[in-house]
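The values are calculated or read from the model by the stated rules, or taken from the named source; none is laboratory data. Just so it is clear, the model here is predicted, and its values are computed rather than measured. When we count neighbours, we look across all protein chains shown, and the Cβ atoms used for this are built from the backbone with ideal geometry, even at glycine. Each accessible area value is taken on the protein alone, full model and side chains, heavy atoms only, with ligands, DNA and RNA left out. Shrake-Rupley method; radii C 1.70, N 1.55, O 1.52, S 1.80 Å.
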Amino acid sequence: MTISDFRPIVVAVLVLAALPLAVPLAVAAGLAAGANLLVNLLVFALIITLAAQGWNIAGGYGGQFSFGHAAFFGTGAYAQAILQVRFGVNPWIALPLAIAAGGLVGTVIGSLAFRARLRGSYFALVTLAFAEVFRILANAAPFTGGAAGLLVPLDVRSANFQFATRESFYYLALALVALVLVLNRAMELSRFGAYLVAVRENEDAARALGVDTLKVKLKAIALSAAITATAGALYTQKFLYIDANIAYGSWISVEALLAPIIGGIGTLFGPLLGTLTLVGLGELAKIGIHALFGSAVPGVDLVVYGILLILAIAFAPQGVMGLVRRLSATGRG
């Protein structure tokens, strides 16, 4: 493992760090209604990227497809809010606790599912069921604010994890994305990463070769859940409000799953490229529809997601990353 192994991450992060500088140009070109709106969109894209990176560890590298990563996103989101609102914990301290809570939930769900030898669609449905159970409980429990949700008090101070400028939050989210990219790259180069891919390709063969498949899958789901919980905690801290339908809603499970599929499942930059593609084209579709018809059309971004998924499956089954590799190989040939 050398510094050169992480050079592409440095390049990607520098490009992302320059995006806020291009915001005035995008606004002038009519690609966004305002600078604040575009920066908020970039922050949201980084939050989704974190969730997608978390999903990619268990689903992409490990082959354990989940339809219920909302269970981990919501746990991180609610833990971040509850610790502040109910117990007065500083949000900087609440963040690692929220991440740990997500990892714990992932370990419990994984332990129950993997010890029962659930795989494939059975595992996917179990995760979906847990996310729905959590949503119902959060929607009914007074501790979580019930259907009204929880509102984090506005107190704009860096020490309170609230910033005067949107760009400050963007760079904080980018730092976390960069950290997870480095973590994922280190995992790819480690023995654990090799074991994880072996489990994905043929779990029975990996077990026969002496790999503790249960331990590997539990580590993967715990790490996956912790990263996704980080996205949830950031969401709470950015928007200062959370309820059951946001935290445990199917929307985040869908986006966390779609982004790696569109970008390139089981690849380092697949979740990032997939998220930028989904969020970017979805927003452009909204702007185009508004320009043509003079009003917004609710759900147009979901139509875009569906079209992208169909196109990816038909023409780029290995996602954007696979398409780039194919074009690069054709160019060299």
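Examine the stretch 134-153 for a residue that is assigned to a helix (DSSP H, G or I), aliphatic (A, V, I, L, M) and buried (at least 16 other Cβ atoms within 10 Å of the Cβ), and state whether such a residue exists. Can you show your working first?
Of all residues in the stretch 134-153, those assigned to a helix (DSSP H, G or I) come to 134-140, 142-144, 146-148.
From what is left, the residues that are aliphatic (A, V, I, L, M) are 136-138, 140, 147-148.
Add one more test, that the residue is buried (at least 16 other Cβ atoms within 10 Å of the Cβ), and what stays is 138.
Looking through the stretch 134-153, at least one residue is assigned to a helix (DSSP H, G or I), aliphatic (A, V, I, L, M) and buried (at least 16 other Cβ atoms within 10 Å of the Cβ).
Is at least one residue of the stretch 130-152 farther than 30 Å from Lys219 by Cα, touching a Ser or Thr at 6+ places or on another chain (Cβ under 9 Å) and not β-branched (Val, Ile, Thr)?
Yes: the stretch 130-152 contains one or more residues that are farther than 30 Å from Lys219 by Cα, touching a Ser or Thr at 6+ places or on another chain (Cβ under 9 Å) and not β-branched (Val, Ile, Thr).
What is the one condition in (1) part of a helix (DSSP H, G or I); (2) in contact (Cβ under 8 Å) with a residue 60 or more places away in the chain; (3) open to solvent by 50 Å² or more (accessible area, probe 1.4 Å) that Ser121 does not satisfy?
(2)
Among the candidates Gly74, Gly63, Gly59, Gly103, which residue alone is outside any helix (DSSP H, G or I) and either surrounded by 18 or more Cβ atoms within 10 Å (Cβ to Cβ) or among the hydroxyl-bearing types (Ser, Thr, Tyr) (or both)? Talk me through it step by step, then tell me what you get.
Values: Gly74 fails: outside any helix (DSSP H, G or I); Gly59 fails: outside any helix (DSSP H, G or I); Gly103 fails: outside any helix (DSSP H, G or I).
Gly63 is the lone residue from the list that is outside any helix (DSSP H, G or I) and either surrounded by 18 or more Cβ atoms within 10 Å (Cβ to Cβ) or among the hydroxyl-bearing types (Ser, Thr, Tyr) (or both).
List every residue pair whose Cβ atoms sit under 8 Å apart, with the two residues 6 or more apart in sequence or on different chains, where the first one lies in the stretch 130-147 and is β-branched (Val, Ile, Thr) and the second, anywhere, is open to solvent by 80 Å² or more (accessible area, probe 1.4 Å) and in a helix (DSSP H, G or I).
Thr144/Leu137
Pick out the one residue from Val199, Val182 that is of a type in the set (A, V, I, L, M, F, W, C), open to solvent by 60 Å² or more (accessible area, probe 1.4 Å) and within 22 Å of His69 (Cβ to Cβ). Step through it out loud before you land on a result.
Details: Val199 fails: open to solvent by 60 Å² or more (accessible area, probe 1.4 Å).
Of Val199, Val182, the one residue that is of a type in the set (A, V, I, L, M, F, W, C), open to solvent by 60 Å² or more (accessible area, probe 1.4 Å) and within 22 Å of His69 (Cβ to Cβ) is Val182.
Sort through Ala148, Ala101 and tell me the only one that's closer than 21 Å to Phe87 by Cα and at pLDDT below 95.
Ala148
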